[in-house]
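Trainee: The following block contains the structure, expressed as structure tokens.
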Amino acid sequence: MMILIENLNKSFGPFKALTNINLQVEKGEIYGFLGHNGAGKTTTINILTGLSRPDSGKCIVNGFDLSKNYHPGDLNIGYLPEEPSFYPWMTGFETLKYLYESIDKKDKSRVEEVIEMVGLKEDCKRRVGGYSRGMKQRLGMGAALIGNPKLLLLDEPSSALDPSGRSDVLKLIMALKEQGKTIFLSTHILSDVERVCTRVSILKKGEVVLEKSMKQLMNDNVVPVYDIEKKGIFSEKEMQMIKVIDGIKKVTLENDLLSVWVDSLSGTNAKLMKFFSDNKIEIESFVRRTRKLEDIFLKEVG
Amino acid sequence: MMSIMKKEILDGVRNYRFLIIFFALLFFAVLDPVMTKYILPEILKSQFDGMTPEMMAQMVDMTQRGAIVSYLGDAKEISSIVIVFVLSGLLARELTEKTLILPICSGKKFTEIVLSKIVVFGAFTMFTAIFTGFINFFYASILFTMDITSIWIILKSSLIMGIMLMFMISIILLTGVFVRKAIVSGLLTLGFIYLQGIIGGLFIINQYLPTGLYSEMLLLTETISKEAWISLTITILLSVTFTSLSIIRLRKMEIAFR
């Protein structure tokens, strides 16, 4: 296990930022950590990096019990803050070299390798002060990766990136997963989570309101509806005929898409298929509707 | 430690900290002998009719020694203000701008961070104080008859100046880690130095305070007086204490939320 959090609490004066947080992240997982702004995601990540201390609770990161006041550099983690801060007078290359030197590794090609990995090869000789927010985010990603850590804590890694940059980051995350890295990913971009995460939790006002594997979450949120498209438009007659099939509750047609509400998902699809076959209705798509993560998120956090 | 020191050197060069410190001291090292020899007599002549060279000599020490003392006084009072404000953001700005987060996560130790700042900027100000001290000495020796021939006198006074500047850096680091605002850190440092001067003067305890070293610096003697040894020891002890307190405070604080 890479991260274990038990009954974690953190307050800032009278404001309770985290209340009894419990979660665990297994080795090799990409863990999506979701929540509104101010829900406590960054506070949790700051505690996991050792940069902040909890008021109470147990927190084990990469085998290190954080109650024993480890130096953040000893945890062998890579951390990308939401808004990474660098020395504006250093170049991108110098920044990564400076960070790499403190890890005390002698492999000089590592800095170049990471620069290429995060797509900063052309700009690495420029001073960071002149970088755009997206470039700083890429450099931050490089800073997180430079020590080749087992665990990566990424706070909004793609928030400042354009669509192609986001896609690059997601590809990089997938590639890191292939290398066996564990990634704890806090983000607002739910489509990113759907694409890469194996497990998610949703934080609401400092409390975890949901924690599940993505697969389980999607299975739990299947809606008993089939969305069907055919060549042309379904006629009123066809709709009436579908309505009388055993197990069908409701049929609606919107923008050429026929939505069929059913009592139960088991068996109904076969009946529908038989109907289309018997009536020689050529079907273009037949999809079992699943709630998107966005719907689940909105349902959980309001 | 070497990589952090290299970073501090780069900071000093690229943010012109070294350049400003160097010129803040060099300016008076070069200007004061010229002022004492040429400009001040002219000003006095134009302000007071019938002023004789003897009267002038009573008002202003127009000798090599006078030029050196004048430089040391200006360096102590004016250059040090410039230096304090140039270095006031050394730690405070790193905390407010959160630039320490990634280095810390990549393994830089708090002790290394603080020590590298005091070593690099302390060594540079010390070196500059000595260098500009000799510039002033040689320039004053060209313009005036040489009263002072021993370079040890200049070395001693310049070293004291360097030690005082290093002491100021230790206060800058301590105040910076507590208030986290460069300008406030600078003002507090200067306030601390001036307050010492006032207290030392009022209660005649300068010899037990770092400011006692200033009197020794201006004496221009080869040997160090017994009182100055006390001041020197206290200054070094305070510098070490302030530096240690800065490290302890950094270790205890929540860097991410500052």
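Trainee: Please determine whether any residue of region A:113-129 is open to solvent by 10 Å² or more (accessible area, probe 1.4 Å), part of a loop (DSSP other than H, G, I, E, B) and under 19 Å from A:Met2 (Cβ atoms).
Mentor: no
Trainee: Right, something else. Name the single residue that is farthest from the chain's Cα centre (by Cα) among those in region B:97-125 being more than 10 Å from every other protein chain (Cβ to nearest Cβ) and open to solvent by 10 Å² or more (accessible area, probe 1.4 Å).
Mentor: Top of the filtered list is B:Thr111.
Trainee: Find the strands (runs of 3 or more DSSP E) located wholly in region A:168-282 whose residues include 2 or more that are in contact with a Gly (Cβ under 7 Å, 6 or more places away or on another chain), open to solvent by less than 60 Å² (accessible area, probe 1.4 Å) and not small (Gly, Ala, Ser), and list them. Outline the logic, then answer.
Mentor: Working: elements: A:182-186, A:199-204, A:207-213, A:222-230, A:248-254, A:257-262.
Passing ranges, in order: A:182-186, A:199-204.
Trainee: Taking strands (runs of 3 or more DSSP E) that fall entirely within region A:11-70, which contain at least 2 residues that are farther than 24 Å from A:Gly180 by Cα and in contact with a Lys or Arg (Cβ under 7 Å, 6 or more places away or on another chain)?
Mentor: Hits in region A:11-70: A:15-25.
Trainee: Could I ask something else about it? Taking the condition open to solvent by 20 Å² or more (accessible area, probe 1.4 Å), among the aromatic types (Phe, Trp, Tyr) and in contact with a strand residue (DSSP E or B) (Cβ under 9 Å, 6 or more places away or on another chain), does A:Tyr70 pass?
Mentor: Taking the combined requirement at face value, the residue satisfies it.
Trainee: Scan region A:78-91 and tell me whether some residue there is closer than 22 Å to B:Ile113 by Cβ, assigned to a helix (DSSP H, G or I), open to solvent by less than 50 Å² (accessible area, probe 1.4 Å) and within 13 Å of another protein chain (Cβ to nearest Cβ). Full working, then the answer.
Mentor: Going residue by residue through region A:78-91, those that are closer than 22 Å to B:Ile113 by Cβ are A:78-81, A:83-91.
Among the residues that remain, those that are also assigned to a helix (DSSP H, G or I) are: none.
No, the conditions are met nowhere in region A:78-91.
Trainee: Sort out which residues of region B:46-93 are outside any loop (DSSP other than H, G, I, E, B) and without any contact (Cβ under 8 Å) to a residue 24 or more places away in the chain, and write them in order of number.
Mentor: Within region B:46-93, B:Ser46, B:Gln47, B:Pro53, B:Glu54, B:Met55, B:Met56, B:Ala57, B:Gln58, B:Met59, B:Glu77 qualify.
Trainee: Which one is surrounded by the fewest Cβ atoms within 10 Å (Cβ to Cβ), of the residues in region A:9-57 that are away from chain B (no Cβ under 13 Å) and under 22 Å from B:Arg251 (Cβ atoms)?
Mentor: My answer is A:Ser56.
Trainee: Give me the pairs: first residue in region A:96-125 and under 18 Å from A:Ser85 (Cα atoms) and away from every other protein chain (no Cβ under 13 Å), second residue among the small types (Gly, Ala, Ser) and open to solvent by less than 40 Å² (accessible area, probe 1.4 Å), beta-carbon distance under 8 Å, and six or more apart or on different chains, which are they?
Mentor: Short answer, once both residue conditions are applied: A:Ile115/A:Gly92; A:Ile115/A:Gly142; A:Val118/A:Gly142; A:Leu120/A:Gly92; A:Leu120/A:Gly142; A:Asp123/A:Gly92; A:Cys124/A:Gly92; A:Lys125/A:Gly92.
The values are calculated or read from the model by the stated rules, or taken from the named source; none is laboratory data. For clarity, every value in this text was computed on a predicted model and none was experimentally measured. No Cβ is skipped: glycine too gets one built from the backbone with ideal geometry, and neighbour counts run over all protein chains shown. The protein model used for the area step is the full one, side chains on, heavy atoms only, and it has no ligands, DNA or RNA in it. Shrake-Rupley method; radii C 1.70, N 1.55, O 1.52, S 1.80 Å.
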